[in-house]
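For reference, the structure discussed in these notes is given below.
The values are calculated or read from the model by the stated rules, or taken from the named source; none is laboratory data. Treat the numbers as computed from the prediction; the structure is a model and nothing was measured. Glycine gets a Cβ as well: all are built from the backbone with ideal geometry, and neighbour counts include every protein chain shown. Keep in mind that these areas ignore ligands, DNA and RNA; they rest on the heavy atoms of the full protein, side chains included. Shrake-Rupley method; radii C 1.70, N 1.55, O 1.52, S 1.80 Å.
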Amino acid sequence: MATVPTIRVLLTEDVVSDAELEVRELKRAGLRVRHRVADTEQSFERALREFAPDVILSDFSMPGFDGMAALAMARELSPDTPFIFVSGTIGEEYAIRALKSGATDYVLKANLMRLPAAVERALAEAQERRARRRTEVELELTRERLTSIFTALPDALWSVDAKTRRYLYVSPAAKVIFGLAPDELMAHPQLQTEVVHPADRPVAQQAWDRLEQDGEFDVDYRIVRPGGKVRWINNRARLIRNASAAPERIDGLARDITEQVEHRSRIARLSRIREFTSSINSALVRQRERAQLASEVCRIAVEVGGFGTAQIGLLDAASQDVLWLASKGLVDDAALARIQVSARADLEAGRGIAGRSLRSGEPEVWNDIVHDPDVPERELFLVQGIYSSASFPLLIEGKPVGVFTLHAAETGFFDRDEIALLRELTANIAFALELLDKQDRIAYLALYDPLTGLPNRTRFHERLTLAMEGARRGSETLALALIDLERFKAINDTLGRETGDRVLQATAARLKQAAGDINRVARLGSNLFALMFEQISGAEEVARQIEAGARALLGAPFEIGGREVRLAARAGIAVFPGDGADVDALFRNAEAALKRAKETGERYLFYAPEINARVSEQVELEHRLRKAVDQGELFLHYQPKFDLATRRVVGVEALMRWRSPDGGLISPVKFVPVLEQTGLIFEAGQQVLAAAERTHRGWKMRGLNAPRIAVNVSALQLRRKSFVADVRAALGNVEADGGGVDLEVTESLLMTEVDESIAKLRALREMGLYISLDDFGTGYSSLAYLSKLPLDTLKIDRSFVHGMTEKADDTTIISTIITLAQSLRLKVVAEGVETEQQAQLLRLLRCDQVQGYLFSPPVPAEKIESLL
């Protein structure tokens with residue numbers, strides 16, 4: 001059975017019997033009581049301190065010390081102790097006043113039986129108050145601890161209303177994380193969206209949208225603090241529902257994870273760089289060519305290393321400029337071409353990190369191109385999306401030979417660990433380039449002559465073998481010339497070996513220029529050189545090129561050390577396939593031809609004697625023809641064209657003629673191809689046009705009914721870009737009739753470069769010249785193009801006219817051509833008419849004009865005048 005606790009009762013009474021009655025009433029109700037009586041202020045105060053009553057029973061009115069004074073003292077010294085007035089004369093007004101002043105209850109002495117209940121109730125209420133106060137204290141302590149914890153936490157705690165999304169609470173850490181005070185966030189709810197980085201707002205919004213379904217979210221995104229600084233945060237939230245399961249609020253925690261993100265990013269970058277370094281080291285082992293190595297390194301840097309752009313450039317020793325060897329990534333080719341880098345500090349191109357790294361031999365970094373000072377081409381980098389750059393010098397034996405530059409799209413991309421790894425990688429790249437240089441040098445010495453830079457015998461043998469295989473497949477002709485410099489030993493003996501070396505170098509330079517391709521020329525020995533001729537038409541073309549090469553090689557003396565050195569040379573030539581089916585045979589026969597040339601004193605000789613005779617004749621013809629063109633010895637004969645109906649002269653064709661030394665005429669079939677092969681046709685063509693214009697002008701001045709003079713145009717002339725200007729220059733200042741000169745072009749000539757030919761012919765038509773299409777029917781021209789050509793006349797090829805009286809097909813062809821020409825409003829001229837039967841048949845077919853020996857062969861101008 002539970003023990004009844006003892007109650008300490010302080011009685012404030014001036015009547016002892018009343019105090020005893022009160023105690024007796026309490027005990028009668030079963031309460032265990034210890035009591036003390038106080039009737040003065042001093043005894044009351046002492047009792048409060050020493051006795052520590054559980055309850056105070058006080059009379060209201062006492063002489064010298066009344067109940068209200070006791071109440072005031074009790075509330076001050078023992079505020080939690082219940083205070084009950086026990087009085088015989090307390091009115092309602094005083095009772096209310098006493099309760100307002102802190103009294104717990106009041107009991108009339110006339111009704112003491114209420115006292116035990118009032119005491120028990122007061123004690124219970126006091127106990128409840130004390131318990132509540134303890135709870136409040138504990139809550140306050142807990143609140144203080146939580147506030148202290150929240151204040152100390154680096155994370156920002158927040159709570160928003162689930163419906164309005166207005167902040168209910170924001171912890172002080174918000175100032176550190178967001179740069180905004182809690183009061184600012186609570187006053188401006190829209191800031192919770194505005195602080196999110198624009199690029200990450202969709203991510204943040206998706207998290208809030210998921211909150212409705214999942215009841216929580218956990219998301220990483222960037223924020224932009226006042227001032228523009230970007231930070232990464234992790235924001236976690238949970239939806240809190242009320243008793244009816246309706247959303248009440250959202251509680252969350254925002255944590256700054258910038259360092260973790262950067263750390264993870266750094267670890268990822270370092271991992272990528274290690275993988276990138278491993279991949280590049282593998283490439284360094286595999287690659288055997290400098291450009292391919294540079295290209296592969298740049299590709300791996302971007303695709304594996306995660307860099308925005310990678311560039312490798314080599315330093316030009318003379319200019320100290322960097323020549324970019326390879327690039328990959330953000331920077332396009334046009335932008336790359338604008339990035340100038342130099343190792344010279346006095347140039348603008350040397351101010352950047354690439355130039356500085358070349359001079360210092362150390363890595364140089366821009367980690368914030370927007371704000372770093374001295375960034376040339378800053379706008380170019382930013383436009384290309386580059387915000388960080390690093391340059392690493394490529395060092396060989398401690399000297400810079402190039403630069404490895406890396407660009408990134410992020411600010412602060414390059415840190416110390418990364419730079420250390422990249423420095424090591426760059427050393428490996430430089431080592432690989434050094435090995436390639438040495439290997440290239442070894443390979444070069446094995447295949448090239450170190451003095452002249454020309455291929456040596458081994459290299460030339462390979463090239464000649466490949467060329468012969470190609471010539472064999474294409475059934476083409478190829479020639480090998482061996483060239484020996486005469487009296488070279490005398491140059492070494494008299495002027496010194498250094499001068500001799502410089503002569504060889506100068507000779508090699510001229511030979512290379514004459515050959516047009518270093519792979520077609522070689523130095524085989526001390527003063528022996530080789531020259532290859534590919535896709536040649538025959539020995540005559542070789543002789544022509546040898547003559548031109550001799551003029552280029554030996555025409556002017558060599559200026560060596562302020563002295564003029566003149567050389568002579570002999571050459572031996574062998575032609576594939578006639579003079580040898582393989583390289584060795586061709587070499588042997590060329591050497592034999594060279595030996596004979598040196599013995600006989602000839603400048604050059606072919607291996608086959610019959611070729612020498614033919615070539616000698618051809619060369620002689622070219623010399624004479626060149627002289628004839630230079631001295632204006634070519635002249636014109638004219639073959640008239642007749643109207644078939646009236647048999648009257650309506651035009652003439654100018655034909656080039658040339659006399660042999662004995663006075664006889666040389667066939668145009670023999671000398672016109674030589675004019676074209678040697679390029680003399682350009683000068684000869686100008687002379688013919690000028691002569692035709694002079695002849696027509698002379699006929700008009702003598703009052704003759706001067707017919708127009710047609711001049712044939714070579715394919716080489718028409719294909720020349722300056723053809724229209726050449727014609728205008730040859731004719732001079734002519735009237736609107738083009739000086740009475742017409743042009744004849746072959747059908748096959750117009751079928752190549754059609755649009756360009758049409759443009760040229762239209763320009764000539766505007767000058768007043770007429771255009772005839774010669775040899776029509778043999779060139780397979782397109783009717784679509786034929787309708788576009790600015791033509792006046794079609795000339796039927798003589799081969800059709802010759803067979804028309806015997807072959808029905810030729811007659812049909814001529815009839816078709818005439819019908820086609822008439823439909824296109826063109827005149828028709830039949831060439832090569834030699835019989836009256838041909839003339840009559842052409843008249844029946846309604847041909848307009850004829851030309852041929854039946855009417856007149858080509859004759860001098862004065863005979864044409866008699867016809868006129």
Discussion item. Need pairs with beta-carbon distance below 7 Å; first residue more than 11 Å from Leu454 (Cβ to Cβ) and within the stretch 520-532, second at pLDDT 85 or above and of a type in the set (Gly, Ala, Ser); sequence gap 6+ or separate chains.
Written reply: Met532/Ala467
Worksheet item: So which pairs qualify, if the first residue must be in the stretch 415-444 and under 18 Å from Val401 (Cβ atoms), the second must be hydroxyl-bearing (Ser, Thr, Tyr) and in a helix (DSSP H, G or I), the Cβ gap must be under 9 Å, and the two must be at least 6 apart or on different chains?
Response: Leu422/Thr277; Glu424/Thr277; Leu425/Thr277; Asn428/Thr277
Worksheet item: Of everything in the stretch 697-734 that's without any contact (Cβ under 8 Å) to a residue 40 or more places away in the chain and of a type in the set (A, V, I, L, M), which residue is most open to solvent (accessible area, probe 1.4 Å)?
Response: Met701
Fill in: When residues of the stretch 100-148 are limited to those that are touching a residue at least 60 places away in the same chain (Cβ under 8 Å) and open to solvent by 70 Å² or more (accessible area, probe 1.4 Å), the one nearest to the chain's Cα centre (by Cα)
Glu120
Worksheet item: Do you know which residues across the stretch 46-102 are touching a Ser or Thr at 6+ places or on another chain (Cβ under 8 Å) and among the polar types (S, T, N, Q)?
Response: Ser58, Ser61, Ser87, Thr89
Worksheet item: If you go through the stretch 185-208 one residue at a time, do you hit one that is in contact with a Pro (Cβ under 8 Å, 6 or more places away or on another chain), open to solvent by 20 Å² or more (accessible area, probe 1.4 Å) and within 24 Å of Lys163 (Cα to Cα)?
Response: no
Worksheet entry | Set Val503, Val521: member being of a type in the set (A, V, I, L, M), in contact with a helix residue (DSSP H, G or I) (Cβ under 8 Å, 6 or more places away or on another chain) and more than 23 Å from His461 (Cα to Cα) | Val503
Worksheet item: How many residues, within the stretch 54-66, are open to solvent by less than 10 Å² (accessible area, probe 1.4 Å) and small (Gly, Ala, Ser)?
Response: 1
Discussion item. Being surrounded by 17 or more Cβ atoms within 10 Å (Cβ to Cβ), of a type in the set (Gly, Ala, Ser) and farther than 24 Å from Glu128 by Cβ is true for just one of Ala47, Ala95, Ala69. Which residue is that?
Written reply: Ala47
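Among strands (runs of 3 or more DSSP E) lying entirely in the stretch 300-406, which contain 3 or more residues that are free of Cβ contacts under 8 Å to residues at least 40 places away in the same chain and surrounded by 22 or more Cβ atoms within 10 Å (Cβ to Cβ)?
Numbers: elements: 309-315, 322-329, 364-366, 388-396.
Passing ranges, in order: 388-396.
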Discussion item. Please pick out the residue among Thr477, Thr452 that is at negative phi, of a type outside the set (A, V, I, L, M), open to solvent by less than 70 Å² (accessible area, probe 1.4 Å) and over 39 Å from the mean Cα position of the chain (by Cα).
Written reply: Thr477
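For the stretch 9-20, indicate whether the set of residues that are over 60 Å from the mean Cα position of the chain (by Cα), open to solvent by less than 70 Å² (accessible area, probe 1.4 Å) and among the small types (Gly, Ala, Ser) is non-empty. I'd like the intermediate steps shown before the answer.
Of the stretch 9-20, the ones over 60 Å from the mean Cα position of the chain (by Cα) are 9-20.
With the extra rule that they be open to solvent by less than 70 Å² (accessible area, probe 1.4 Å), the set shrinks to 9-15, 17-19.
Among the residues that remain, those that are also among the small types (Gly, Ala, Ser) are: 17, 19.
Yes, the stretch 9-20 contains at least one residue that is over 60 Å from the mean Cα position of the chain (by Cα), open to solvent by less than 70 Å² (accessible area, probe 1.4 Å) and among the small types (Gly, Ala, Ser).
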Practice prompt. Evaluate the following for Pro790: is it within 23 Å of Leu636 (Cα to Cα) and either open to solvent by less than 50 Å² (accessible area, probe 1.4 Å) or at pLDDT 90 or above (or both)?
Written response: no
